[in-house]
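The values are calculated or read from the model by the stated rules, or taken from the named source; none is laboratory data. In this text, all values refer to a predicted model and were calculated from it rather than measured experimentally. Cβ sites come from the backbone with ideal geometry, for glycine too, and all protein chains shown count toward neighbours. Note: areas computed on protein heavy atoms with side chains; ligands, DNA, RNA excluded. Shrake-Rupley method; radii C 1.70, N 1.55, O 1.52, S 1.80 Å.
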Amino acid sequence: MAFEGLSERLQKTFSKLRGKGKITESDVREMMREVRLALLEADVNFDVTKNFIKTVRERAVGSEVLDSLTPAQQVIKIVDEELTKIMGSQAVLLNKAAKIPTVIMMVGLQGAGKTTSAGKLVRYLKEQSQARPLLIAADVYRPAAIEQLQTIGQQLAVPVYEEGTAADPVEIVKNGLQQAQDAKNDYVLIDTAGRLEIDEQLMDELSRIKEVAQPTEILLVVDSMTGQAATHVAEGFNKQLDITGVVLTKLDGDTRGGAALSIRAVTGKPIKFIGSGEKLDALEVFHPDRMANRILG
Ligand code: GDP
């Protein structure tokens, strides 16, 4: 389960306040020092941590806590509200195009979980709205990517448009979109190539695909387990492609949670979905309030 480390540290910190009838400013200072360390250890971005601590401290030395009969609960409530806020407050759902198909472009580094997440999203869309999606295999560099997408397509009974690995990804997307139009598919998910790190060539290719596909959503898939690196990756992709949202994968293996807590604040873009396993049903809409509750236990 995600966030054990952070959860445990925060709970320990707050338990020290629990027995107290009154809390002083120095109690608050001490507590905030521990919260700060807990966040940094969870790999939360430095500036995000700094702003968070400042806001919570200001609120926690105010009358809503110091004059309260239940100060510990008040502090936890403030932390809960501010954690929710830095993660974006509200769940942000997928946008739909005015005219079918709604095109969703999946981008991200190699191994982040793009292909798997494309499959998970297709499953989600079928379940939510009986969608008739088409998957386009535009990752021509990773040898097994097309096969992997085809397997997913078979599992979900969804067509996969592919032209093998020799074709130009931009052309593949163009042709795939034509097929979607002819077949009246209501969603198109484009699985794009990744690299081990952000490079110009990849960004150039993705920009060209974006131009041709005019996607309603550009979802960046990032691996939650990479912590701050995931946040940097999100910044980089957002700068180049102006992403519309993030799919944060592998939360099931992330004991720290830094990416979930930083990405929204750093990029201004919402985490729309979280992945919590390898299976195609392991996808959830991201709810900042539920995540904050989960962290605070
Ligand atoms: P891509 O290179 O970005 O297309 O990445 P893949 O979709 O091939 O995923 C890379 C690996 O991560 C695969 O072994 C997936 O099964 C695994 N994976 C993807 N999402 C999740 C997740 O949410 N949790 C876990 N535990 N594994 C995941």
Helices (runs of 4 or more DSSP H) enclosed by the range 16-121 - at least 3 residues per element that are crowded, with 16+ Cβ neighbours inside 10 Å: 25-41, 46-60, 71-86
Qualifying residue in the range 209-225 (condition: crowded, with 24+ Cβ neighbours inside 10 Å, closer than 30 Å to S15 by Cα and at pLDDT 95 or above): yes
Inter-residue pairs, beta-carbon under 6 Å, first closer than 10 Å to V158 by Cα and in the range 119-138, second open to solvent by 50 Å² or more (accessible area, probe 1.4 Å) and at pLDDT 95 or above, 6+ apart: L134/P159
Cross-chain or 6+ apart pairs with Cβ under 6 Å, the range 186-211 first and in a helix (DSSP H, G or I), then away from the ligand (no atom under 16 Å from the Cβ): M203/Q240; R208/V170; I209/V170; I209/V173
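What residue, of V92, V75, is at pLDDT below 95 and hydrophobic (A, V, I, L, M, F, W, C)? I'd like the intermediate steps shown before the answer.
On the way: V92 fails: at pLDDT below 95.
After ruling out the rest, the residue left standing is V75.
Please find, among Q155, Q130, the residue that is open to solvent by 70 Å² or more (accessible area, probe 1.4 Å), farther than 29 Å from T226 by Cβ and either more than 14 Å from the ligand (Cβ to nearest atom) or at pLDDT 95 or above (or both).
Working: Q155 fails: farther than 29 Å from T226 by Cβ.
So the residue among Q155, Q130 that is open to solvent by 70 Å² or more (accessible area, probe 1.4 Å), farther than 29 Å from T226 by Cβ and either more than 14 Å from the ligand (Cβ to nearest atom) or at pLDDT 95 or above (or both) is Q130.
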Tabulated pairs, the range 5-22, first closer than 12 Å to I295 by Cβ, second modelled with pLDDT of 85 or more and open to solvent by 80 Å² or more (accessible area, probe 1.4 Å), C-beta under 6 angstrom, 6+ apart or interchain: G5/R256
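Does A229 fit the bill of being of a type in the set (A, V, I, L, M, F, W, C) and either more than 16 Å from the ligand (Cβ to nearest atom) or open to solvent by 30 Å² or more (accessible area, probe 1.4 Å) (or both)?
On the way: of a type in the set (A, V, I, L, M, F, W, C): yes; either more than 16 Å from the ligand (Cβ to nearest atom) or open to solvent by 30 Å² or more (accessible area, probe 1.4 Å) (or both): yes.
Considered against the rule, which asks whether it is of a type in the set (A, V, I, L, M, F, W, C) and either more than 16 Å from the ligand (Cβ to nearest atom) or open to solvent by 30 Å² or more (accessible area, probe 1.4 Å) (or both), A229 comes out as yes.
From A292, A234, A259, grab the single residue that is assigned to a helix (DSSP H, G or I), in contact with a Ser or Thr (Cβ under 6 Å, 6 or more places away or on another chain), closer than 24 Å to V173 by Cα and of a type in the set (A, V, I, L, M, F, W, C). If you could, list the steps in order and put the result at the bottom.
Numbers: A292 fails: closer than 24 Å to V173 by Cα; A259 fails: closer than 24 Å to V173 by Cα.
Exactly one of A292, A234, A259 is assigned to a helix (DSSP H, G or I), in contact with a Ser or Thr (Cβ under 6 Å, 6 or more places away or on another chain), closer than 24 Å to V173 by Cα and of a type in the set (A, V, I, L, M, F, W, C), namely A234.
Of the residues I100, I86, I146, which single one is more than 16 Å from the ligand (Cβ to nearest atom) and in contact with a strand residue (DSSP E or B) (Cβ under 9 Å, 6 or more places away or on another chain)?
Values: I86 fails: in contact with a strand residue (DSSP E or B) (Cβ under 9 Å, 6 or more places away or on another chain); I146 fails: more than 16 Å from the ligand (Cβ to nearest atom).
Among I100, I86, I146, only I100 is more than 16 Å from the ligand (Cβ to nearest atom) and in contact with a strand residue (DSSP E or B) (Cβ under 9 Å, 6 or more places away or on another chain).
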Residues located in the range 262-289, provided they are over 18 Å from L40 (Cα atoms), of a type outside the set (D, E, K, R) and part of a helix (DSSP H, G or I): T267, P288
